[in-house]
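No value in this document is a laboratory result; all are computed from the given coordinates. Computed from a prediction, not measured in an experiment: that's the story for all the values here. Methodologically, a virtual Cβ is constructed for each residue, glycine included, from the backbone with ideal geometry; neighbour enumeration extends over all protein chains shown.
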Amino acid sequence: MREDMAKRLATDIGADIMHIESYLGRNELFMGLGLQTIERIAKEFRKAAFKAGDSIIIEGSRGETYYLIATGEATVLKGAGVGQRELQRLGPGDGFGEMSLVADEPRSATVKAVSDVELLCLDREQFIVLMDQEERFAQRILRLLSQRLRQSNQVATLDLLRAHQGLIISLAELAESRDADTGAHLYRVRDHCTLLAKLMSADVRFKDDVDPDFIEAIYYVSPLHDIGKVSIPDAILLKQGKLTPAEFEVIKTHTLVGGHALDTVLQYCDLQMFRIARDLVMSHHERYDGNGYPSGIRGEEIPLAARIMGIADHYDALRSKRVYKEAFTAEEAIQNLREESGKRFDPAVVDVMLAHINLFEEIHDQYAEMEALPEKHAGFL
């Protein structure tokens, strides 16, 4: 049933004024407005009924009515078809439909009756008059709209992140697909990076630099660290013997290729997530002592994301079997990290990792027997 139909079918309920007043007194928009105001507003409401499954309002339609649920339950839906998702469940005392009336824009979502519902309805004209006459009501509307906008942005941001994650994983897997030895490398390194960042956020040396947004970004973009490998010829990338100096110079270009790719992304989508991605893609082979590549920067000149990625990538390589080497034992890997502390890696980052090395070993063990990529790591949030 459309809301224009509801308007036609709505009936005056002057006899139910006291009943309506009781509902208004419990609703966040109307409570505390004063008895006389509530009594006056109650006279403007009409009643409408919808059957389970009926659409009360439809996304994209013009809004003409504010609704307050008297009995029953409704659901707020966004999108259409297989992509439709539920945003919220509404029950007795909950109101909806005010955003479209205030903004004079199409409905931003669909609301359907989950069960048979009885609604109290206030027409647009009366709603706007009430806002003009009652300052407290107008203030509450603005506060509610602000809350709804934040909720909408959170949903949109989450959807965007999920879309980004899918794209990132696809691109990263494309870069790694030519090397059968990498296995679940992308996922192990992602988990190592995320764990290390979380641990660093609790360390006084890093707490000002590693916040929840940074940790979230590391999780999403760390699989891109070797995206530049798409440019390396198979004859070099898949070579089983030792690389010649000239071949190694070609390998080193993957950081520049990947960094330039992220520069292009940033031209169109300048998000912190992709700035962090560029840092770790471009600089994860830099060394703390300045002897790395591509730029030879040293110490804290190396972006923190790249310092995290560098040690996570190295640790995973040590603990993994390759055609040219056996996997290091945990003890051998730990000894190597100690030897490289202050040379290849930031000693403070090494300290954090070694202090919790059992947690990194747990990640290694979780993936050790896996033949397929783990579904449980499909999302961070």
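Observations
- The order of 129, 281, 204, 352, going from fewest to most other C-beta atoms within 10 Å of their C-beta, is 204, 129, 352, 281.
- Whichever lysines have a C-alpha closer than 29 Å to that of residue 207, once near sequence neighbours (fewer than 8 apart) are set aside: 198, 343, 376
- Estimated inter-spin distance, residue 268 and residue 44, nm [label 7 Å along Cα→Cβ]: 4.8 nm
- Per-selection Rg to Rh, the range 312-351 - Cα, Kirkwood hydrodynamic radius: 1.00
- Across the range 180-267, Cα-Cα pairs more than 15 Å apart make up 69 percent of the total.
- Rough spin-label spacing in nm, given labels placed 7 Å along Cα→Cβ, for residue 35 and residue 361: 7.4 nm
- Chain lengthening between residue 248 and residue 301 when straightened (0.36 nm per residue, less Cα-Cα): 16.7 nm
- Ordered by the count of other Cβ atoms within 10 Å of each Cβ, fewest first, 198, 51 give 51, 198.
- Centroid-to-centroid separation of the range 181-231 and the range 280-311 [C-alpha atoms, Å]: 14 Å
- Partner lysines whose Cα lies under 21 Å from the Cα of residue 242, excluding those fewer than 8 positions away in the same chain, are identified as 229, 252, 321, 325.
- Highest-first arrangement of 282-293, 185-196, 262-273, where packing means the average Cβ count within 10 Å: 185-196, 282-293, 262-273
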